[in-house]
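Worksheet: one structure, shown below.
The values are calculated or read from the model by the stated rules, or taken from the named source; none is laboratory data. Please read all numbers here as calculations on a predicted model, not as lab measurements. Positions of Cβ are backbone-derived with ideal geometry, glycine not excepted, and every protein chain shown enters the neighbour counts.
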């Protein structure tokens, strides 16, 4: 395909018009596939001489700004699709989808395109409301820190560690931060206090709701016996201990926190339910019922 059917070009250095052609060369660009078949555009592009004596460029190539970026090996529309798939699916899932679409490329390339698009779209405007949270390099073992501009809903940086010192160093570069939204860990509280002492610290909505859900679940778990319908065949619970027995046991039991006592009560109730279910299954089996019949009940 001829892309240089013109008698002049604009120098990107000095913006002067040149009518002195130097040579031509072929340029290959990957484009969107057709019915799953990969498409490669072959463009015949021109090189030009800049006749401006004050310009540092002597020879420049014809720019195709509407089709592709400088030095790119694919069209802009193809690169936009790759960035969208990488942002939505990530590395390996995106790699599998792109192969089915007829645009095969590696998972590393997808991630690299997402990072490149994020750097290109990064806004130089000041960050006033900052969201801080952790993310896992290795689940349950090593963590990093993610920093989000909450006014624009954009990730602004990733820190390799979850520590107060790393947050302090980052905040020192952004003195315009006035509000820090974080989880309820002491690490980020200390980092925000040292790095942005004038900023207002607030607990983010996600962790507030999460803490509320956990508190309600613990309360319901402790009172599970009041929420379940008693089974007719359930064995009777042992009689409650007398006051004297409770006093004797209290002398031997170490004092525990309310949360620990709740967790112990939840574990005891779950074990009791499993024992009841086990006894019921034994009775049904002894009555001659088949396994399929027991499972259906």
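Quick notes on this one:
- Count - residues of region 91-104 that are crowded, with 18+ Cβ neighbours inside 10 Å and in contact with a strand residue (DSSP E or B) (Cβ under 9 Å, 6 or more places away or on another chain): 1
- Within region 58-90, considering residues that are surrounded by 14 or more Cβ atoms within 10 Å (Cβ to Cβ), modelled with pLDDT of 80 or more and more than 25 Å from residue 107 (Cβ to Cβ), the one farthest from the chain's Cα centre (by Cα): 60
- Test result for residue 138, free of Cβ contacts under 8 Å to residues at least 40 places away in the same chain and surrounded by 15 or more Cβ atoms within 10 Å (Cβ to Cβ): no
- Among the residues listed as 110, 130, 167, the single one being closer than 21 Å to residue 83 by Cβ, crowded, with 19+ Cβ neighbours inside 10 Å and in contact with a helix residue (DSSP H, G or I) (Cβ under 9 Å, 6 or more places away or on another chain): 110
- Identity of the residue in region 120-135, at pLDDT 85 or above and outside any loop (DSSP other than H, G, I, E, B), that ends up farthest from residue 187 (Cα to Cα): 129
- Top-ranked residue in region 16-57 [being without any contact (Cβ under 8 Å) to a residue 40 or more places away in the chain and closer than 17 Å to residue 105 by Cβ; ranked as surrounded by the fewest Cβ atoms within 10 Å (Cβ to Cβ)]: 40
- Pair list, Cβ under 6 Å, 6 or more apart: region 95-115 residue within 11 Å of residue 36 (Cβ to Cβ), other residue outside any helix (DSSP H, G or I): 102/33; 102/36; 102/37; 102/38; 103/33
- Region 170-182, subset surrounded by fewer than 18 Cβ atoms within 10 Å (Cβ to Cβ) and touching a residue at least 24 places away in the same chain (Cβ under 8 Å), residue nearest to residue 140 (Cα to Cα): 179
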